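The values are calculated or read from the model by the stated rules, or taken from the named source; none is laboratory data. Computed from a predicted structure; not experimentally measured. Using ideal geometry, Cβ is built from the backbone for each residue, glycine included, and neighbour counts are taken over all protein chains shown. Keep in mind that these areas ignore ligands, DNA and RNA; they rest on the heavy atoms of the full protein, side chains included. Shrake-Rupley method; radii C 1.70, N 1.55, O 1.52, S 1.80 Å.
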Amino acid sequence: MIIVDSLMVKIALIGLLGIGAQWVAWRTGRPAIALMLIVGIIAGPILGIIDPERDFGALQEPIIKLAVAVILFEGGLSLNFRELRQAGGAVFMMIFIVGPIAWALGTAAAHYGAGLSWEISTLLGGIMIVTGPTVIGPMLRTLRVPSRVRNVLKWEGIVNDPIGALLAVGIYAYITYEGADANIAAISMDVLAASFVAALIGAALGFAITWIFPRGHVPEYLKAPILLVTVITGFVTADLIMHETGLITVTVMGVFLANRPIHSSQALYRFKEDLSVLLVSGVFIILSATLDWETVQQFRPQFIIFLLLLLFVVRPVSVLVGLLFSSISWREKIFIAWIAPRGIVAVAITGLFAIRLSDYGLPGAEALVPLSFAIVISTIFAHSFSANWLAERLGINEGKGKGVLIVGSTRWSVGLGQILKSLNVDVLIADTSTFALRQARGAKLEAYQGDILDEAHNDNIELGKFQHMIVATDNDSENRLIAADLGPEMGFENITRLAGDSRVKTNDRVGHGRLLFESGADFNSVIDRERAGWRFSKTNITDIFTAEEYRKNLDKDEEPVAVFKKDERVLFFSSKARPTIEEGDIVISFVAPDTPEERKADRAAKDAEKNDKDNGAKSEV
């Protein structure tokens, strides 16, 4: 028991439970936010192992607020203005039209449905317009919906977080202000002025980072720590001016960095993404563990009416009305109208103002905490478990990616792309050279000109569309870098590269992607064979022509490249992976000028000729 009561053990347990839930979600395809919520409730109110108020005391609030700040900054870093080319109008409507409608409808639902006072209802309605990156991010990671829908939900979640918090600040100020100047106009001006200053701080810090980093004033090993400290400092500075305005600072800073060139951007991207996953996991466990039995007992049956109104009236009506004249299709509108899970920001801000209003003596403030948890739990389970189902019913679920991305345009890679396309596999060939891509375009393959690392991280190329990536440029260092950097995105098992030269055949490190071909043939030997007339061929595996027969028909240096399965999977052969070849499969091989089929027919003819000679000799005898 002494071990369990150790704060150090509990901190480790929070990390283990949070990341463990994320891993289980990845393995099972279940929503990560729902699993984290379940795990936190089990560890908290059910088993009593984690009690954040008891374990962290006064540190609980600043820990959560700083974590939310970093998470929101990470979300801002993903907001590239190029995404607004498709979804800009809809994003504008979601923020400036849907938001106010949802606030008004949410206020009415809280008053008439939950029976709260108008003051409490207005505060809760303002907070509940938020969704946030802590819940939208993990959900979108498991969804394959059109990019416009993803961008609308992502931008709404990140931008509305500080807006909802500031609405709560303004309403709280109006409720508690007792001076002669207690009017909406004066309070609104104070909030807007503080918000403007917070936005300026965020822009100034973003500009400073993008000016200092590229000029070599900060060494590489200090860039990520300095960025993190700058985010926290900016948040705290703005929050001292007015509570919750720090959320604006970190959001603006993130957006500023996302849209300006900065050296080491890929390393910083990976750092902030890893940190965000860790913080989301930890904070979700902490917040769900705070749901004690006393809070649960404060839940009234009348609150169910409010939850039903929030789920089936407030969100759908506000979105469908707000997006009425947008260019988004009606299927996408219905999907957006349903998806609105609430998360960390909603619970944290509601809990904060519930304490302040209770101390102020406002009747009904104690209902905010159980209501906020009920909203988070109901929306997370309702939306996360139904998102894929609804997307399929609406016909906007793009399914698991089945294409193949080939990086590096050569005659060899174009040939591979052509034979894959003949099997109805979507192929995209990417290269930095427009000239090199002429071969791909001439072969009527989809081509993309640009640096694959920049394009993937900026979401110009959606990696989720592809089941596998072949990295086949003439630069081995670049191949290794691409495989190592995009491995966490696609999975290292889904990336195969050509070896740079024969000396690295045995250096098949997982972090650099697998080496294509069972022999690990290097780039130069493959290109030399292609110039000598070697080509790709397809072989159907049947009950007559089995995998063993196929192998026997391969000559020296000929080998399989991939096997095309009945379920449209393409499994590539490498020095570490040898897919099973079964009846009904189609094997893609890299062979000498004559194909295995031609070679088989030639051998059959020679055998027949030999038999004829043997029979003739017997006749003479």
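Per-structure values
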read-out: Some residue of the stretch 94-107 being more than 21 Å from Leu166 (Cβ to Cβ) and hydroxyl-bearing (Ser, Thr, Tyr); value: no
read-out: Residue within the stretch 84-103 that is more than 23 Å from Ile344 (Cβ to Cβ), at pLDDT 90 or above, of a type in the set (Val, Ile, Thr) and part of a helix (DSSP H, G or I) present; value: yes
read-out: Sole residue being open to solvent by 60 Å² or more (accessible area, probe 1.4 Å) and either at pLDDT below 85 or among the hydrophobic types (A, V, I, L, M, F, W, C) (or both), chosen from Asp454, Asp543, Asp485, Asp474; value: Asp454
read-out: Single residue of the stretch 219-264 satisfying the filter (more than 21 Å from Asn80 (Cβ to Cβ) and among the β-branched types (Val, Ile, Thr)) that is surrounded by the fewest Cβ atoms within 10 Å (Cβ to Cβ); value: Val229
read-out: Residue tally, condition surrounded by 23 or more Cβ atoms within 10 Å (Cβ to Cβ) and either among the small types (Gly, Ala, Ser) or at positive phi (or both), over the stretch 128-157; value: 3
read-out: Failed criterion for Leu268 (all others in (1) modelled with pLDDT of 75 or more; (2) more than 26 Å from Met94 (Cβ to Cβ); (3) of a type outside the set (Lys, Arg) hold); value: (1)
read-out: Cross-chain or 6+ apart pairs with Cβ under 9 Å, the stretch 97-110 first and without any contact (Cβ under 8 Å) to a residue 60 or more places away in the chain, then open to solvent by 60 Å² or more (accessible area, probe 1.4 Å); value: Thr107/Trp118
read-out: Residue among Val319, Val280, Val314 that is touching a helix residue (DSSP H, G or I) at 6+ places or on another chain (Cβ under 7 Å), modelled with pLDDT under 85 and open to solvent by less than 60 Å² (accessible area, probe 1.4 Å); value: Val280
read-out: Pairs with Cβ under 6 Å, 6+ apart, first in the stretch 132-144 and more than 10 Å from Asn388 (Cα to Cα), second in a loop (DSSP other than H, G, I, E, B) and at pLDDT 70 or above; value: Gly132/Gly343; Thr134/Gly343; Val135/Pro341; Val135/Gly343
read-out: Counted residues, the stretch 511-532 - those being outside any helix (DSSP H, G or I), open to solvent by less than 30 Å² (accessible area, probe 1.4 Å) and not charged (D, E, K, R); value: 6
read-out: Condition broken by Arg393, with the remaining ones in (1) at pLDDT 85 or above; (2) in contact with a strand residue (DSSP E or B) (Cβ under 7 Å, 6 or more places away or on another chain); (3) basic (Lys, Arg) satisfied; value: (2)
read-out: Filter result for the condition that a residue is among the small types (Gly, Ala, Ser), within 21 Å of Val250 (Cα to Cα) and surrounded by 17 or more Cβ atoms within 10 Å (Cβ to Cβ), over Gly125, Gly113, Gly76, Gly106; value: Gly76
read-out: Counted residues, the stretch 196-231 - those being part of a helix (DSSP H, G or I), farther than 16 Å from Phe256 by Cα and not charged (D, E, K, R); value: 6
read-out: Residues of the stretch 387-438 satisfying the condition of being part of a loop (DSSP other than H, G, I, E, B), among the small types (Gly, Ala, Ser) and either within 24 Å of the chain's Cα centre (by Cα) or surrounded by 22 or more Cβ atoms within 10 Å (Cβ to Cβ) (or both); value: Gly395, Gly399, Gly401, Gly408, Ser409
read-out: Filtered residues of the stretch 18-42 (kept if in contact with a Lys or Arg (Cβ under 9 Å, 6 or more places away or on another chain) and farther than 20 Å from Pro133 by Cβ); value: Val24
read-out: Extreme residue, modelled with the lowest pLDDT, among residues of the stretch 324-361 that are open to solvent by less than 30 Å² (accessible area, probe 1.4 Å), over 20 Å from Ser384 (Cβ atoms) and among the aliphatic types (A, V, I, L, M); value: Leu352
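Residue by residue, here is whether (1) within 38 Å of the chain's Cα centre (by Cα); (2) open to solvent by 20 Å² or more (accessible area, probe 1.4 Å); (3) acidic (Asp, Glu); (4) modelled with pLDDT under 80 holds:
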{"site": "Val159", "(1), (2), (3), (4)": "yes, yes, no, no"}
{"site": "Ala168", "(1), (2), (3), (4)": "yes, no, no, no"}
{"site": "Tyr172", "(1), (2), (3), (4)": "yes, yes, no, no"}
{"site": "Tyr177", "(1), (2), (3), (4)": "no, yes, no, yes"}
{"site": "Ala180", "(1), (2), (3), (4)": "no, yes, no, yes"}
{"site": "Asp190", "(1), (2), (3), (4)": "yes, yes, yes, no"}
{"site": "Ala193", "(1), (2), (3), (4)": "yes, yes, no, no"}
{"site": "Ala198", "(1), (2), (3), (4)": "yes, no, no, no"}
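Quick grid of which residues meet (1) among the small types (Gly, Ala, Ser); (2) touching a Ser or Thr at 6+ places or on another chain (Cβ under 8 Å); (3) closer than 25 Å to Leu166 by Cβ:
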site	(1), (2), (3)
Trp293	no, no, no
Gln302	no, no, no
Phe312	no, no, no
Ile328	no, no, no
Ala340	yes, yes, yes
Ala346	yes, yes, yes
Ser358	yes, no, yes
Pro370	no, yes, yes
Phe373	no, yes, yes
